[in-house]
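Scroll down for the structure; my scribbles are underneath it.
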Amino acid sequence: MRKYIVAGNWKMNKRLSEGVRLAEEINVAVEKAGALKCDVVIAPPFLHLTEVSKAVGNKVSVAAQNCAAEASGAYTGEVSASMLQSAGIASVIIGHSERRTFYGETDAVLAKKTGQALSCGLKVIFCIGEELSQRDNGRYFDIVKSQIENGLFHLSADEWKNIVIAYEPVWAIGTGRTATSAQAQEVHAFIRQTIAGKYGQPSADDTTILYGGSCNENNAKELFAQPDIDGGLIGGASLTAEKFIGIVTAF
Ligand code: PEP
């Protein structure tokens, strides 16, 4: 069954004590909100994962923002999927546009990272999305299709069950320029159709596809009302408990 998810990507924000405080505030707000239609995920920096995990109850799960492409060894500064799993982390964001742009992560590297994560039992939130020039020249369908094909379509149908897609148009991330609900729905429907072409309609219907890009407590309701938008990956608005809970309760 398709799940609705709201996931907060804290990026490189918050000192440790601030991160723990934010996690506690989110946890209290989630508890207060009662029954929710979505799963709630927060993705703090690596250093915070263990303390943040202790600060939340079972209604909030904790994800990493990245993992290594290799299993172990001489890779200074890297954190492996197995280490994440050993720390009780359930999922990992892979392929965020900031990783692709600032750290040169190619589809091939992201495919390896995904393989590592899945083999360690982690779920993967896999990010895709076009840049502004690619939107303007009408190439956005080709771009998201090739990102999915090259990053993920080597997976078996069984492995696919642990994949969540996050469609994040790069021009909408951190810019305040949200995709309209119609623009987002158009691409989400296309992504689902692309998945159906490879894994079949039932698997495509079961796949959670999140929208990301300046999603906030004011526009979430309209975005989440679209038939192929199953929640959000939230950057800026996930750094304040009040805003984040406004998104979590927007279904
Ligand atoms: C993101 O970086 O995943 C994101 C969606 O950021 P923002 O919500 O700030 O646009």
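The values are calculated or read from the model by the stated rules, or taken from the named source; none is laboratory data. Only a predicted model underlies this, so the values are computations on that prediction, with no experimental measurement involved. Glycine also receives a Cβ, built like all others from the backbone with ideal geometry; neighbour counts cover every protein chain displayed. Just the protein is used for accessible areas: all its heavy atoms, side chains included, with ligands, DNA and RNA removed. Shrake-Rupley method; radii C 1.70, N 1.55, O 1.52, S 1.80 Å.
Does segment 65-75 contain at least one residue that is closer than 17 Å to Phe126 by Cβ and within 16 Å of the ligand (Cβ to nearest atom)? Steps first, answer last, please.
So in segment 65-75, the residues closer than 17 Å to Phe126 by Cβ come out as 65-69.
Subset that is within 16 Å of the ligand (Cβ to nearest atom): 65-66.
Yes, that holds for at least one residue.
Residues that are open to solvent by less than 10 Å² (accessible area, probe 1.4 Å) and within 16 Å of the ligand (Cβ to nearest atom): does segment 150-163 have at least one?
There is no residue in segment 150-163 that is open to solvent by less than 10 Å² (accessible area, probe 1.4 Å) and within 16 Å of the ligand (Cβ to nearest atom).
Restricting attention to segment 165-207, report how many residues are within 15 Å of the ligand (Cβ to nearest atom), within 20 Å of Tyr4 (Cβ to Cβ) and part of a loop (DSSP other than H, G, I, E, B).
Residues that pass the stated criteria total 3.
So is Gly174 out of contact with any strand residue (DSSP E or B) (no Cβ under 9 Å at 6 or more places or on another chain) and touching a residue at least 60 places away in the same chain (Cβ under 8 Å) or not? Break it down stepwise before answering.
Numbers: out of contact with any strand residue (DSSP E or B) (no Cβ under 9 Å at 6 or more places or on another chain): yes; touching a residue at least 60 places away in the same chain (Cβ under 8 Å): yes.
Taking the combined requirement at face value, the residue satisfies it.
When you go through Val52, Val20, Val28 one by one, which is the residue that is in a helix (DSSP H, G or I), among the aliphatic types (A, V, I, L, M) and surrounded by fewer than 18 Cβ atoms within 10 Å (Cβ to Cβ)?
Values: Val52 fails: surrounded by fewer than 18 Cβ atoms within 10 Å (Cβ to Cβ); Val20 fails: surrounded by fewer than 18 Cβ atoms within 10 Å (Cβ to Cβ).
That would be Val28, the only listed residue that is in a helix (DSSP H, G or I), among the aliphatic types (A, V, I, L, M) and surrounded by fewer than 18 Cβ atoms within 10 Å (Cβ to Cβ).
Return the residue satisfying two criteria in turn: it lies in segment 66-81 and is open to solvent by 40 Å² or more (accessible area, probe 1.4 Å) and in contact with a helix residue (DSSP H, G or I) (Cβ under 8 Å, 6 or more places away or on another chain), and of such residues it is farthest from His96 (Cα to Cα).
Going residue by residue through segment 66-81, those that are open to solvent by 40 Å² or more (accessible area, probe 1.4 Å) are 70-78.
If we keep only those that are in contact with a helix residue (DSSP H, G or I) (Cβ under 8 Å, 6 or more places away or on another chain) too, we end up with 70-72.
On the way: Glu70: 18, Ala71: 20, Ser72: 22 Å.
The selected residue is Ser72.
Go through segment 214-251 and report how many residues are within 10 Å of the ligand (Cβ to nearest atom), part of a loop (DSSP other than H, G, I, E, B) and farther than 23 Å from Asn162 by Cα.
Matching residues across segment 214-251 total 4.
Condition check ((1) in contact (Cβ under 8 Å) with a residue 12 or more places away in the chain; (2) part of a helix (DSSP H, G or I); (3) surrounded by 15 or more Cβ atoms within 10 Å (Cβ to Cβ)) across all residues:
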| position | (1), (2), (3) |
| --- | --- |
| Thr101 | yes, yes, no |
| Glu105 | no, no, yes |
| Ala111 | yes, yes, yes |
| Thr114 | yes, yes, yes |
| Gly121 | yes, no, no |
| Ser133 | no, yes, no |
| Phe141 | yes, yes, yes |
| Lys145 | yes, yes, yes |
| Ile148 | yes, yes, yes |
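Determine which single condition Val79 fails, assuming it passes every other condition in (1) without any contact (Cβ under 8 Å) to a residue 40 or more places away in the chain; (2) more than 29 Å from Thr207 (Cβ to Cβ).
(2)
Cβ contacts < 6 Å: first residue under 16 Å from Leu239 (Cβ atoms), restricted to segment 26-54; second residue in a helix (DSSP H, G or I) and open to solvent by 10 Å² or more (accessible area, probe 1.4 Å), any location; separation 6+ or different chain. Result?
Ile26/Ala241; Ala29/Ala241; Ala29/Ile245; His48/Leu16
Please specify each residue of segment 216-247 satisfying the condition of being within 17 Å of Leu36 (Cα to Cα) and either at pLDDT below 95 or open to solvent by 60 Å² or more (accessible area, probe 1.4 Å) (or both).
Glu217, Lys221, Ala225, Glu242, Lys243
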